[in-house]
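Undergrad: One structure follows; several queries about it will come next.
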Amino acid sequence: MADVSLLPRTFYEREPSEVAPALLGKLLIRKLRKKILVGRIVEVEAYLGNADPAAHAYAGMTARNAVLFGPAGHAYVYFIYGMYYCLNFSCEPKGMAGCVLLRAIEPISGLEEMARLRRVPLKGAPGRLTGGPGKLCQALDITRSAINGVDVTQPDSPLQVADDGLDPREIVATPRIGIRKAADLPLRFLLKGHHCVSGR
DNA sequence: ACTCGGATTCTCT
DNA sequence: GAGAATCCGAGTA
């Protein structure tokens, strides 16, 4: 893994529908006390802020979604269904409060620690480890208290995104998963045929 | 292969 | 007090 560069803030200062597919193939890096966990982003969803009824920011700023109304390139972590967290990155344009939801990664490094955090056996399909928004947060120890509001463009941040030069082969767009409103928009992006995307 | 429901708690009305 | 950008196991087939 030579030539790995941190994604700059300008990367996030675009429309979510542009940032989302651009994140595919990038490396998600989680720094813990002693260990470093790495995964490759293989599935994301764009949320268009005040232009998108399915977005958390649609109804305006609250204590929960305040991060989305700040500068781009920050982590928005929310708690859902009583037991899971989901990870997003804030985007521009400013005031629009758009974001990108990370739905699945391919585990690259630190698989043992990920399996321990997930409480599943190490052997088995990698998609079982990080193939879903709730799963990847559990595998990388991402919680609202630890990660929400973190600037992912900083070298000393516990959560970062980097480019290692990989050019994704084929990207496909589909409707988003698990939402009631605006359920028809093709804002879910994934690496075609990848074995770590969410679902069965 | 598919459908169904339970777990569990934060957030906003 | 309702509903939620989920996951997993059980049941049926």
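The values are calculated or read from the model by the stated rules, or taken from the named source; none is laboratory data. What you are looking at is a predicted structure, and each value in this text was computed from that prediction instead of being measured. Cβ: placed from backbone, ideal geometry, glycine included. Neighbour counts: every protein chain shown.
Undergrad: Being among the small types (G, A, S), buried (at least 20 other Cβ atoms within 10 Å of the Cβ), more than 15 Å from DNA strand B (Cβ to nearest atom) and outside any loop (DSSP other than H, G, I, E, B) narrows it down to one of A:A173, A:A162, A:A115, A:A104, so name that one.
TA: A:A104
Let's see how each residue does on (1) more than 16 Å from A:E13 (Cα to Cα); (2) within 12 Å of DNA strand B (Cβ to nearest atom); (3) among the small types (G, A, S); (4) in contact with a strand residue (DSSP E or B) (Cβ under 8 Å, 6 or more places away or on another chain):
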{"position": "A:A55", "(1), (2), (3), (4)": "yes, no, yes, yes"}
{"position": "A:M61", "(1), (2), (3), (4)": "yes, yes, no, no"}
{"position": "A:N65", "(1), (2), (3), (4)": "yes, yes, no, yes"}
{"position": "A:Y81", "(1), (2), (3), (4)": "yes, yes, no, no"}
{"position": "A:P93", "(1), (2), (3), (4)": "no, no, no, no"}
{"position": "A:G98", "(1), (2), (3), (4)": "no, no, yes, yes"}
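Undergrad: Residues that are in contact with an Asp or Glu (Cβ under 7 Å, 6 or more places away or on another chain), within 9 Å of DNA strand C (Cβ to nearest atom) and among the acidic types (D, E): find the strands (runs of 3 or more DSSP E) completely inside the range A:18-98 holding 3 or more of those.
TA: It comes to none.
Undergrad: Condition test on A:A55, is it more than 16 Å from A:A162 (Cα to Cα), modelled with pLDDT under 95 and either among the small types (G, A, S) or out of contact with any Phe, Trp or Tyr (no Cβ under 8 Å at 6 or more places or on another chain) (or both)?
TA: Against the criterion (more than 16 Å from A:A162 (Cα to Cα), modelled with pLDDT under 95 and either among the small types (G, A, S) or out of contact with any Phe, Trp or Tyr (no Cβ under 8 Å at 6 or more places or on another chain) (or both)), A:A55 does not qualify.
Undergrad: Would you confirm, using the coordinates I've provided, whether A:A75 is within 15 Å of DNA strand B (Cβ to nearest atom), within 19 Å of A:E18 (Cα to Cα), small (G, A, S) and surrounded by fewer than 22 Cβ atoms within 10 Å (Cβ to Cβ)?
TA: no
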